[in-house]
1. Roughly what would the spin-label model give for Asp85 and Ala58, points 7 Å off Cα along C-beta, in nm?
2. Using mean Cβ contacts within 10 Å as the protection proxy, how do 6-13, 145-152 order, highest first?
3. Residue-wise, which Karplus ³J(HN,Hα) couplings in Hz belong to the range 29-42, taking 6.51 cos²θ - 1.76 cosθ + 1.60, θ = phi - 60°, and x for glycine or proline?
4. Label points 7 Å out from Cα along the Cβ direction at Ser148 and Val28: separation in nm?
5. Hey, can you grab everything whose amide H is under 5 Å from the amide H of Val152? Only 5+ residues off in sequence or another chain; H modelled, so Pro and N-termini drop out.
6. Quick one: what are the phi-derived ³J(HN,Hα) couplings along the range 151-167, Karplus 6.51/-1.76/1.60 with θ = phi - 60°, whole Hz, x for glycine and proline?
Amino acid sequence: MTTDEAPEERSDRKRRDVLAAARRRFMVEGYASTGMEQVARDASVSTATLYSYFPSKADLFQHVIEDAAGSFSRLITETATVRGDSGAQLRAFAYAYANFMADPLARSVFRLVAAERRRFEPVARHFFERGRSDFGGTLISILGRLRSEGRVEIDKLSWAAGQLMGMIEHPTFLVPLVTGDEHKAERPIEDICDEAVRTFLARYGAAKSRELWEESGAIPLSGDGVSAEL
């Protein structure tokens, strides 16, 4: 902290420190075992200061989940501004989504929300709906742009988006979620994303775009392991 820090800046910093400390506590110990005094101590603030920001543990938990959702959302929505060919735009989204899904922090938040779903059903529902809207919505907007430019041939954008995201989620998120964070994807994230995008464009890429990609060797022909009928 600098000596010329304005009161508003100091207050915002302390609030961020509290949220960070609370998120760590909730993820490690769960909601029930986390005490407000512990959070205050971890954040180096008094309990009076903590309660001035968040009047109850339930309120603190809701803000922790909302803050995490906002951070995840900003990471993904930035990919919608990437330009280039269809492969470059989809890879930008795929890399960001895969790195998010492979982050133990993301899995911890999902586990925490799932564990406390009954206690905080509106919070859990909002968290999952926001994820679907922000993540899926970002990819749908990218696919919509590519379709309007004649680069992909897609009837149902939401279905296609779900297929691409599913190819990324399984190895980077679902397997470690079930088997434990120590079990990482066997392939590098870049390989997972590149293969997912190649498979996706082999199915949905416009005919002219597929020809250009096949000529460049970027997309394997159907006989090389990726079928155009996938």
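1. Modelled inter-label distance: 5.5 nm.
2. Values: 6-13: 10.8, 145-152: 16.2.
Highest-to-lowest ranking by the protection proxy: 145-152, 6-13.
3. Karplus values, whole Hz, x for Gly and Pro: 10, x, 5, 4, 8, 8, x, 5, 5, 4, 5, 4, 5, 5.
4. A separation of 4.8 nm, rounded to one decimal place.
5. Arg147, Ala206
6. Once θ is set to phi - 60°, the couplings for the range 151-167 become 8, 9, 10, 10, 8, 10, 4, 5, 5, 4, 4, x, 5, 5, 5, x, 5 Hz.
Read-outs throughout are calculated quantities, based only on the coordinates presented, and are distinct from any laboratory measurement. These figures come from a predicted structure and were not determined experimentally. Cβ: placed from backbone, ideal geometry, glycine included. Neighbour counts: every protein chain shown.
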